[in-house]
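I have placed the structure first, in the form of structure tokens, so that the comments after it can refer back to it.
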Amino acid sequence: MRDFHAEHTGKNYPEPSIPLVQSLRSLQSQEKIDLLKMLGAEVYPVPAVAYEDPRNYNHQAKAFAEELPNAVWTNQFDNVANARAHYETTGPEIWEQTRRTLDAFTCATGTGGTLAGVGKFLKEESGGKTQVWLADPPGSVLHSYVQTGGKLNERSGGSITEGRIMCSPMSSVPGLT
């Protein structure tokens with residue numbers, strides 16, 4: 001495999017010591033797939049189907065991890081470790097860098113972990129004064145979740161548990177941008 005980093009930065013990086021096997025929706029960009037492969041990952045695009053469908057990439061990743069010896073499935077959509085990490089690190093970093101005078105925090109989401117962790121920390125530290133805004137477009141699961149006051153209309157299943165566990169949508173996410 002061509003060493004992109006060495007060619008463009010002059011730096012050589014060691015081969016990854018932990019192999020990465022990545023299941024992802026086939027709708028992902030070819031650039032993302034190529035980047036993961038360039039970094040040494042085995043990439044398995046799977047059909048972009050609803051969470052309830054057993055062919056969903058999240059279910060396929062879990063099944064694949066169960067078949068591989070020594071594999072770890074990160075369970076990114078139901079694992080609160082990401083939200084907790086942002087609560088313990090990113091939130092305090094932002095709070096300190098803004099000299100504890102932050103009016104609002106806005107971000108887009110994937111699993112909701114950044115929004116939930118940072119938002120919870122900022123709201124606690126500011127006594128509820130810092131507003132937390134979700135910047136997701138119509139069609140995203142969290143947009144629908146906030147618009148309906150906490151109902152998953154577009155699909156069922158625990159695909160956004162990470163963000164839901166850390167904060168309630170209406171008290172911590174006052175609006176959409």
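Considering only residues that are β-branched (V, I, T) and modelled with pLDDT of 95 or more, look in the range 102-134 and name the one that is surrounded by the most Cβ atoms within 10 Å (Cβ to Cβ). Steps first, please.
Going through the range 102-134, the residues β-branched (V, I, T) turn out to be 106, 109, 111, 114, 118, 130, 132.
Retained after the next criterion (residues that are modelled with pLDDT of 95 or more): 118, 130.
Details: V118: 25, T130: 22.
Top of the filtered list is V118.
Could you say which residue among E31, E66, E42, E88 is within 17 Å of the chain's Cα centre (by Cα) and among the charged types (D, E, K, R)? First the steps, then the outcome.
On the way: E31 fails: within 17 Å of the chain's Cα centre (by Cα); E66 fails: within 17 Å of the chain's Cα centre (by Cα); E42 fails: within 17 Å of the chain's Cα centre (by Cα).
Unique residue meeting the criteria: E88.
Any residue at all in the range 66-77 that is modelled with pLDDT of 85 or more, part of a helix (DSSP H, G or I) and surrounded by 14 or more Cβ atoms within 10 Å (Cβ to Cβ)?
Within the range 66-77, not a single residue is modelled with pLDDT of 85 or more, part of a helix (DSSP H, G or I) and surrounded by 14 or more Cβ atoms within 10 Å (Cβ to Cβ).
Quick check: anything in the range 92-99 under 20 Å from Q28 (Cα atoms) and surrounded by 13 or more Cβ atoms within 10 Å (Cβ to Cβ)? I'd like the intermediate steps shown before the answer.
Narrowing the range 92-99 to residues under 20 Å from Q28 (Cα atoms): none.
For the range 92-99, residues under 20 Å from Q28 (Cα atoms) and surrounded by 13 or more Cβ atoms within 10 Å (Cβ to Cβ): absent.
Is there a residue being at pLDDT 75 or above and among the hydrophobic types (A, V, I, L, M, F, W, C) anywhere in the range 163-177?
Initially, the range 163-177 is screened for residues at pLDDT 75 or above, giving none.
Among the residues of the range 163-177, not one is at pLDDT 75 or above and among the hydrophobic types (A, V, I, L, M, F, W, C), which makes the answer no.
Could you please find all residues in the range 78-106 being touching a helix residue (DSSP H, G or I) at 6+ places or on another chain (Cβ under 7 Å) and part of a helix (DSSP H, G or I)?
N82, A83, R84, A85, H86, Y87, T90, G91, P92, I94, W95
Output yes when any residue across the range 28-37 is over 20 Å from L142 (Cα atoms) and assigned to a loop (DSSP other than H, G, I, E, B), and no when none is. Explain how you work it out, then say what you get.
Keep residues of the range 28-37 that are over 20 Å from L142 (Cα atoms), which gives 29-37.
Applying the additional criterion that residues be assigned to a loop (DSSP other than H, G, I, E, B) yields 29.
Yes, the range 28-37 contains a residue that is over 20 Å from L142 (Cα atoms) and assigned to a loop (DSSP other than H, G, I, E, B).
List pairs: first residue in the range 85-98 and under 11 Å from T114 (Cα atoms), second residue among the charged types (D, E, K, R) anywhere in the structure, Cβ distance under 7 angstrom, at least six positions apart or on different chains.
Close Cβ pairs (under 7 Å, with a partner that is among the charged types (D, E, K, R)) amount to Y87/K120.
The values are calculated or read from the model by the stated rules, or taken from the named source; none is laboratory data. The model shown is predicted, which means the values in this text are computed figures rather than measured ones. Because the Cβ atoms are built from the backbone with ideal geometry, glycine has one as well, and the counts that use them run over all protein chains shown.
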